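What follows draws every value from the coordinates through simple rules; no lab data is involved. The structure presented is a predicted model; accordingly, all values stated were derived computationally and were not measured. Using ideal geometry, Cβ is built from the backbone for each residue, glycine included, and neighbour counts are taken over all protein chains shown.
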Amino acid sequence: MASRPSSSREPGDLAPVVEMPPTGAKGARLQEIFEAWVAELPTGSPIPSERDLAEHFGVARMTVRLQLDRLAQRGLLYRHRGRGTFVAERRVAHTEHLTSFTEDMRARGLEPGSRLLGIEEIRAGAQLAARLEISASSRVIRIRRVRTADAEPMAAEQTHVPARRFPGLLDQDLDHGSLYDLFEHRYAVRVAEADQRVTVTDLTADEAALLETEAGRPAFRIERTTRDADGTVVEFASSVYRGDRYEVLMHAKRDPGRH
Ligand code: GLP
């Protein structure tokens, strides 16, 4: 994942002394200083205590706390109760473009990877059948993977595809490479559009173990129903992305005909 650029500044170093504006504007100025400073520090660097920062900048402790809280809310810092405040990992943005995980990570300069947890053929059953728009008795291939970015877990993903459309998929190497590449190059299936649902969830113990983080941490659950150019459903996938590594961005355009 996006580890921060290494910096010549030591994590414990305080931000350079700057002239603080009069009360009122101090908070905003402090926010700017902290933000620039945090951006230079490697992920996981400890932030000095509120007391030290307050002394250093000649401001009230509450002012420091407020600004650190804001940075934490924006995901730039995280707090460990009893251990202090640390620089968070830079998040990865999720855009509105229909990309594979592989493309998504590459676009951000991260090396995508996978760890195959399992691949099997199952009977669709009522729920999956409804998602994939097939009959309940149809066969479905289920692929479970941990998706990594720069060799660190980013998402745990469960993908279902109709078996009829992808003969021999069980024998393909999904421990490496991209599923969408296989779709296209082996099966001549091009993904054209998708509906996605994004919800917020707390990681279960199992999910947290796969993602190498703690149970109860916030995460995005992203469900995707993907169609080919004919509108036929080619996959239904459910992924859980680490909330501390991922960011969902949306581009919205107002309908010009709207009054
Ligand atoms: C994203 C989507 C999945 C899709 C996957 C394909 O993660 N949420 O629905 O299956 O991309 O990625 P790749 O081609 O890298 O295997």
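Glu35 to Asp150: extension gain in nm, 0.36 nm per residue of separation minus the Cα-Cα distance?
38.9 nm
Classify segment 157-246 as rounded, prolate or oblate, taking a ≥ b ≥ c as the square roots of the eigenvalues of its Cα gyration tensor: rounded when a/c is under 1.5, otherwise prolate if a/b is larger than b/c and oblate if not.
Prolate, since a/c reaches 1.5 and a/b exceeds b/c.
To the nearest 0.05, how large is the calculated FRET efficiency for Arg197 and Ala25 if R₀ is 45 Å and r is the Cβ-Cβ distance?
The pair Arg197/Ala25 has a calculated efficiency of 0.60.
Take the alpha carbon gyration tensor of segment 92-248, find the square roots of its eigenvalues, order them as a ≥ b ≥ c, and report rounded if a/c is under 1.5; if not, report prolate when a/b exceeds b/c, else oblate.
prolate
Name the shape class, rounded, prolate or oblate, that the alpha-carbon gyration tensor gives for segment 73-159, where a ≥ b ≥ c are the square roots of its eigenvalues, rounded holds for a/c under 1.5, and otherwise prolate holds if a/b is larger than b/c and oblate otherwise.
It is prolate, given that a/c is not under 1.5 and a/b is the larger ratio.
What is the distance in Å between the Cα centroid of segment 182-230 and that of segment 131-168?
Cα centroid of segment 182-230 versus Cα centroid of segment 131-168: 9 Å apart.
Could you state the number of Å between the C-alpha centres of segment 43-69 and segment 102-116?
Each part reduced to its Cα centre gives a spacing of 36 Å.
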